[in-house]
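Read through the structure below, which is laid out as structure tokens, and then see the notes.
The values are calculated or read from the model by the stated rules, or taken from the named source; none is laboratory data. The shown structure was predicted, so the numbers you read here are calculated from the model rather than taken from an experiment. When we count neighbours, we look across all protein chains shown, and the Cβ atoms used for this are built from the backbone with ideal geometry, even at glycine.
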Amino acid sequence: MAHHQVEVQIGPQGRIVIPAELRRVLNLQPGEVVLARVEGDRLVLERRQEVLRRLKSRFDEVSGDISLAQELIADRRVEARRDGHS
């Protein structure tokens, strides 16, 4: 995707309007949900479904017979025993 950069102004109530040019490039539609996050000194807006896709891809290699919740509980129990808690 080509690099697009436009100036936006923060409104009196902290609102930012995404300019039409960028909405067209990204095919953003009214009512669409985007998530906002801070990366260093940048504000990043990203579609919710893209965030979910990225998160799901991180766990693609985890076998279906492994319970991540049970793994976490077991890890916490080991840490608690190591720290002297029963």
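Values as computed for the structure displayed
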| item | result |
| --- | --- |
| Condition met for Ala69 (surrounded by 11 or more Cβ atoms within 10 Å (Cβ to Cβ) and either of a type in the set (A, V, I, L, M) or at pLDDT below 90 (or both)) | no |
| Residues that are surrounded by 10 or more Cβ atoms within 10 Å (Cβ to Cβ) and not aliphatic (A, V, I, L, M), drawn from region 23-40 | Arg23, Arg24, Glu32, Arg37 |
| In region 3-22, the residues that are loosely packed, with under 10 Cβ neighbours inside 10 Å and among the charged types (D, E, K, R) | Glu7, Arg15 |
| Residue that is modelled with the lowest pLDDT, among those in region 46-66 that are surrounded by 10 or more Cβ atoms within 10 Å (Cβ to Cβ) and touching a helix residue (DSSP H, G or I) at 6+ places or on another chain (Cβ under 9 Å) | Val62 |
